[in-house]
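Contents: one structure, followed by commentary.
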Number of protein chains: 2
Amino acid sequence: MPFEDERQIFENYIRSKNLKQSKQRMQILEIFLKTEKHLTAEELYRLVKRRFPSIGYATIYRTLKLLCDCGICSELRLDDGTIRYEHLYGHEHHDHLICIKCGKFVEVVDPEIEKLQEKLAKKEGFILKRHRLQMYGICKECRNK
Amino acid sequence: MPFEDERQIFENYIRSKNLKQSKQRMQILEIFLKTEKHLTAEELYRLVKRRFPSIGYATIYRTLKLLCDCGICSELRLDDGTIRYEHLYGHEHHDHLICIKCGKFVEVVDPEIEKLQEKLAKKEGFILKRHRLQMYGICKECRNK
DNA sequence: TTGAAATTGAAAATCATATTCATAATATAA
DNA sequence: TTATATTATGAATATGATTTTCAATTTCAA
Ligand SMILES: [Mn+2]
Ligand SMILES: [Mn+2]
Ligand SMILES: [Zn+2]
Ligand SMILES: [Zn+2]
């Protein structure tokens, strides 16, 4: 059974908050987990709806919030204002290279950049909590089109 | 007369697009320029309103868009979804250190980080167009509070 | 099994931003 | 100047994404 960890985390979180399990929450979790993409709420809604047509939009939003709260999912705010959700659990921190033509996401991480950010923050007297680095450009495939 | 450059740019842009100058546009430009901060549309609206009470909200949005289009102003999307506007003309590219307690903005730039970003993008076959680096943390003043 | 508490989907409410529209201001040409 | 065509304005309304409300349904611990 894949994603056993994530299911456990979700169930534990729900119990710890005195919430209740539900069919819908598990269906949304299922579809979210098996879709390894950077999804908008709407895209996730469509995917879930396709398989479980009675799902409501509000339940998608409500469940996405729970998934973020328990560390399974994380929110990604893009330059054009859209919000996308990606897997968090089991994924190392990474930054994003995003193609402005085709929308492709490439996950990258440069330990040197990470280190320099810490240094920069310290120099200004900040204790760094998190950061976001998004690089927008044109990917190899889109260059000759 | 301060900000002569910016006024020229704005006027030239307006003429080039066959738009018309207006009292309101100049008033908004004035207040925007003399406020060296990272402002939300609402904050700018309040500031302008204080001095020119007849101004409408829509005119703020419309003018902010013009200011961005002509390169005087640039939009900054934060992690919490708010959009802030900052001076662009005459300001070098920079990234942001933001205090999650008091909201302070510190403008920083590390040429080494910039260089490594280019390298990273090239390695993935991307032609980099722009990037955004925001670092969130706790500033020196807020640390002991 | 029961019943209090949480969850659901649909509809309505929010909130920031954009658009509409009737009136006013601006710019260009006579 | 003045005429007139065009654009800008503020108020009101619309929009779109997300949240909240609410009555009906489901969950789960006793
Ligand atoms: Mn990612
Ligand atoms: Mn800045
Ligand atoms: Zn591409
Ligand atoms: Zn601070």
Rounded to the nearest 10 degrees, what's the angle between the helix A:23-34 long axis and the longest principal axis of chain A, both from Cα atoms, 0 to 90? 40 degrees
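At a threshold of 8 angstrom on Cα-Cα distance, excluding pairs fewer than six apart, so keeping six or more, what relative contact order does chain B reach in percent? The partial results should precede the final answer.
Details: 134 pairs, mean separation 26.6, N = 145.
Over chain B, the number comes to 18 percent.
Taking a threshold of 22 Å on the Cα-Cα distance, which of the pairs A:34/A:115; B:37/B:119; A:122/B:115; A:104/B:37 fall above it?
Working: A:34/A:115 33 Å; B:37/B:119 32 Å; A:122/B:115 20 Å; A:104/B:37 34 Å.
Over 22 Å apart, Cα to Cα: A:34/A:115; B:37/B:119; A:104/B:37.
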If one compares the long axis through the Cα atoms of helix A:111-123 with the longest principal axis of the Cα atoms of chain A, the angle in degrees, nearest 10, works out at 80 degrees
Averaged per residue, the 1.4 Å probe accessible area of segment A:1-124, protein heavy atoms only, in Å², is roughly 58 Å²
Based on Cα positions only, what radius of gyration and what Dmax would you give for chain A, in angstroms? 17.6, 54
What ³J(HN,Hα) values, in whole Hz, does the Karplus curve 6.51 cos²θ - 1.76 cosθ + 1.60 give for segment B:128-145 when θ = phi - 60°, with x put for Gly and Pro? 6, 9, 6, 8, 9, 10, 10, 10, 10, x, 10, 6, 4, 5, 7, 5, 9, 9
Taking chain B as a Gaussian network, where each spring joins two C-alpha atoms under 10 Å apart, which residue of B:125, B:81, B:71 fluctuates the most? B:125
Run the label-point distances for residue B:46 please: 7 Å along Cα to Cβ, every other copy, nanometres, shortest first. 4.0
Taking placed amide H atoms and a strict 5 Å upper bound, the residues 5 or more places from residue B:88 or on another chain that come that close are B:73, B:74
Interface area, A with B, accessible, probe 1.4 Å, both sides summed, Å² nearest 100: 3500 Å²
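Could I get the Rg over Rh figure for the protein assembly as shown? Both from C-alpha atoms, Rh via Kirkwood, rounded to two places. Before the final figure, lay out the partial values.
On the way: Rg = 22.3 Å, Rh = 21.9 Å.
With Rg and the Kirkwood Rh in hand, the quotient comes to 1.02.
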Taking chain B as a Gaussian network, where each spring joins two C-alpha atoms under 10 Å apart, which residue of B:116, B:78, B:19 fluctuates the most? B:116
What angle, in degrees between 0 and 90 and rounded to the nearest 10, separates the Cα long axis of helix A:57-69 from the longest principal axis of the Cα atoms of chain A? 60 degrees
Amide hydrogen neighbours beyond the local backbone of residue A:40, cut-off 5 Å, H modeled: A:85
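Between residue B:26 and residue B:123, what FRET efficiency follows from the Cβ-Cβ distance if R0 is 35 Å, with the result rounded to 0.05?
Values: r = 47 Å, r/R0 = 1.35.
It comes out at approximately 0.15.
The values are calculated or read from the model by the stated rules, or taken from the named source; none is laboratory data. Bear in mind that the values here come from a model prediction, so they are computed numbers and not experimental data. Cβ: placed from backbone, ideal geometry, glycine included. Neighbour counts: every protein chain shown. For accessibility, only protein heavy atoms count, side chains too; no ligands or nucleic acids. Shrake-Rupley method; radii C 1.70, N 1.55, O 1.52, S 1.80 Å.
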